[in-house]
Every structure is written in structure tokens, then in C-alpha cells.
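Bear in mind these aren't lab numbers, they're just calculated from the coordinates by the rules spelled out. Just so it is clear, the structure is predicted and the values come from calculations on it, not from any experiment. Methodologically, a virtual Cβ is constructed for each residue, glycine included, from the backbone with ideal geometry; neighbour enumeration extends over all protein chains shown.
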Amino acid sequence: MNAEKTSLEKDQEPVCSICIANFNGGEVLEACIESVLRQDFAQPVEILVHDDASTDGSADIVSKKYPVVHLIRSNTNVGFCVSNNRMAAQARGKFILLLNNDAELHQNALSTLYNYSEKEKVYGIIGLPQYNKQTGELIDVGSLLDPFLNPIPNLDKLRSNVAMVIGACMWFPKQLWNELGGFPEWFESIAEDLYLCCLARLKGYPVIALPDSGFDHYVGGSFGGGKVVHGGLRTTYSRRALSERNKSYVMILCCPGPLAHILIPLHLLLLTMEGIILSVVMRDKRIWSDIYKSCLQAMWTRRRELSKLRREIQNKKTASSRSFYSMHSIVPYKLTMLIRHGLPILK
């Protein structure tokens with residue numbers, strides 16, 4: 001590798017640690033790692049891959065083909081949150097980049113993130129434009145949020161301050177990660193990026209989406225859904241269940257009062273109604289039992305833990321409620337998607 005490319009010497013102190021969580025990513029993981037190796041970035045970096053008990057041999061591919069990668073093997077499937085927490089704990093870089101195994105960085109992605117961080121002295125969370133790997137279409141430049149924390153894709157590259165950036169490509173100082181406490185491990189997977197961004201904004205730290213460079217992403221590939229295909233929204237029971245549950249967790253923990261005292265009960269009421277109506281209209285009892293009932297039961301089971309953690313988070317916030325909600329739209333995004341694409345197809 002010449003001096004113009006990313007330096008991956010293991011004895012060098014890295015400025016950035018690229019953390020890739022992998023589970024059965026044999027079809028995409030090599031392209032992800034190769035996109036890091038091709039970076040035009042002269043600073044030393046390290047690549048960590050946490051293999052979450054894959055059964056497709058992808059960990060062995062990394063071990064044999066990429067000896068420079070620090071491979072962490074898990075004997076059991078622990079989920080996305082634990083995987084990233086483990087890698088972040090071992091990361092040596094000043095900065096951390098969380099990168100999905102089904103994402104591929106554009107060639108100047110690391111230099112764009114690093115140069116902006118150093119030049120602007122940003123202590124916050126930074127993301128890049130996300131493009132659909134199959135079509136090349138711009139998916140978002142970060143996201144805004146609706147009243148119930150459903151992400152609304154931002155397509156305006158002139159808008160840098162956003163409510164959240166997707167965890168498929170998320171950059172931040174390691175010190176900030178330690179301060180925020182990483183991902184709640186009981187989230188397992190889905191909406192952990194929403195939580196971290198909301199928590200950072202509550203503490204007064206910016207969440208920024210840069211307009212330049214970017215990454216390509218097989219959207220929804222990790223969980224087999226959550227995307228629009230042929231004009232309709234396709235998802236899975238498991239993905240929808242995790243999404244509804246974890247977004248509800250984030251809402252309970254992070255939405256500041258006094259508006260939260262209206263939004264949270266309203267959210268629970270609408271969630272119940274939504275589950276009942278969809279189950280009846282789509283004639284599918286699993287929608288209620290596997291998604292909505294499961295979500296409500298999980299919140300009830302963790303009610304004391306959620307209440308305690310909410311008090312801790314809200315007592316330490318420095319941002320005003322007005323500042324937090326300034327990144328929100330008043331129009332429920334689910335309603336917009338329903339009008340645009342109709343009822344979701346579940347499998």
C-alpha cells in the first residue's frame with residue numbers, strides 16, 4: 001500500500017478505529033473491508049470485526065484473507081449492540097467509525113470525516129450521505145424525526161444539523177462514546193443509533209450530516225426488510241417488532257418534558273390502536289401478538305428500569321426541550337408512508 005492510501009500497520013497508533021459488526025455477512029463483508037482498504041487516507045487506522053457466531057464461514061474468510069484485521073469471535077450470538085460495545089472497548093483510535101458489514105465507503109470517506117472533525121473541532125456525532133447500493137439513489141443525508149421518533153430522511157445537502165445519522169456509518173470521538181455509555185445492550189439491534197444521537201443532543205452535542213463523500217448500503221439487508229421495493233414497503237415481523245419496541249424505549253428515555261408527558265401516553269395509545277387495526281385489516285393475528293403486544297409487554301416488564309434510566313438521563317441533560325424538538329416534524333411519518341405506499345408487506 002503506498003503512502004497515499006490508508007495505513008494499517010498494527011504497530012502504529014491509529015487515529016481511527018473502524019468497527020464492523022458481522023453476522024453471516026459472507027456475501028457483503030469482503031466488499032465492506034475492501035472499501036476501507038481503498039481509502040485515500042494517509043493517517044493510520046485499525047479495522048476491528050466482531051463476528052457474532054456466524055455460521056456461513058465469514059469469520060474464517062476474514063482470518064485468512066485479512067490478517068491485518070483484528071477479529072473478535074463470539075461463541076454466542078449477542079446482537080449488534082453488544083458487538084459494537086465490545087469493539088469500542090478495544091478500539092485504540094481517537095475516533096471510532098461504526099460501519100455495517102453491508103455498507104461500502106466511498107474512497108474519500110475517512111478523509112472527509114477526519115478533516116472535518118479536526119478542522120471544525122467537532123465533538124459530536126457525524127454521518128455521511130447514504131446511497132442505495134443497488135440503485136445508486138440518495139437515501140438520506142441524516143434524518144429528522146417525527147413526534148414519535150420515526151426517522152424522516154433528509155435529502156437537503158445544505159442542511160447539516162440533523163436529528164440523527166444512521167449507525168451503518170457513524171463517526172464520533174471515542175471519548176464521546178465513553179461519555180454517552182455506548183449502546184444499551186438490552187436493545188439487541190435496531191434504533192440503537194437513534195438512542196445515541198438523541199442522548200448526544202440532550203447533552204448539547206451536535207449531530208451532523210456532511211454533504212460530501214458518502215457510503216453505499218444494502219438497505220435492510222441485515223434484517224431482511226425495512227425498505228421500499230416495487231413501490232411497497234416490505235419488512236419482517238422480527239424487524240418491525242424490534243423497531244417498535246426500541247423506538248418506544250428511546251422515546252421514554254430521551255424525550256424531554258413537559259411535551260413528553262403528552263407524547264408518550266399518546267404514543268402508547270396509538271401503538272395499541274395501530275396493532276389492533278392492522279391485525280384486523282390484514283387478517284393476521286401475528287401482527288398483534290408478535291409485534292405490538294410484544295412491544296407493550298416489553299415496556300411493562302422494563303418499566304422500573306426505564307423510569308430510573310429516564311430520570312438519570314433527563315437530570316443530566318443540558319439542551320432545552322425547544323432545541324431537542326427543533327429537529328422534529330409535526331407530521332407523523334408513518335401516515336406519510338401509508339398514503340404513499342399503502343400497508344406494509346410482512347414476512
Pull up the cross-link candidates among the aspartates and glutamates for K203, meaning alpha carbon to alpha carbon under 14 Å and not fewer than 8 places away within one chain. E179, E312
Reachable lysines from K285, criterion Cα separation under 16 angstrom, eight or more residues apart if same chain: K293, K347
Apply the Karplus curve 6.51 cos²θ - 1.76 cosθ + 1.60, θ = phi - 60°, to the phi angles in region 328-334 and return the couplings in whole Hz, x for Gly and Pro. 10, 9, 7, 8, x, 5, 4
Starting from a Cα-only point model with no solvent, please compute log10 I(q)/I(0) by Debye for region 62-108 at q = 0.16, 0.19, 0.32 1/Å. -0.58, -0.82, -1.28
Highest first, please rank the peptides 240-252, 72-84 by the mean number of other Cβ atoms sitting within 10 Å of their residues. 240-252, 72-84
Just how many pairs of Lys in region 80-198 have C-alpha atoms closer than 23 Å, counting pairs that are eight or more places apart or on different chains? 8
Sort 277-289, 111-123 for me by packing, meaning the mean count of neighbouring Cβ atoms within 10 Å per residue, highest on top. 111-123, 277-289
Nearest 10 degrees is fine. How inclined is helix 260-281 to the longest principal axis of the chain, computing both from alpha carbons? 80 degrees
Under the Karplus relation with 6.51, -1.76 and 1.60 and θ = phi - 60°, whole-Hz ³J(HN,Hα) for region 91-96, x at Gly and Pro, equal 5, 9, x, 5, 10, 10
Could you run the Karplus curve 6.51 cos²θ - 1.76 cosθ + 1.60 with θ = phi - 60° over region 189-198 and give me ³J(HN,Hα) per residue in whole Hz, x for Gly and Pro? 7, 6, 6, 5, 5, 4, 4, 5, 5, 5
Cα long-axis angle, helix 109-120 against the chain (0 to 90 degrees, to the nearest 10): 80 degrees
Expressed as an acute angle from 0 to 90° and rounded to the nearest 10, what is the orientation of the C-alpha long axis of helix 80-90 relative to the principal long axis of the chain? 40 degrees
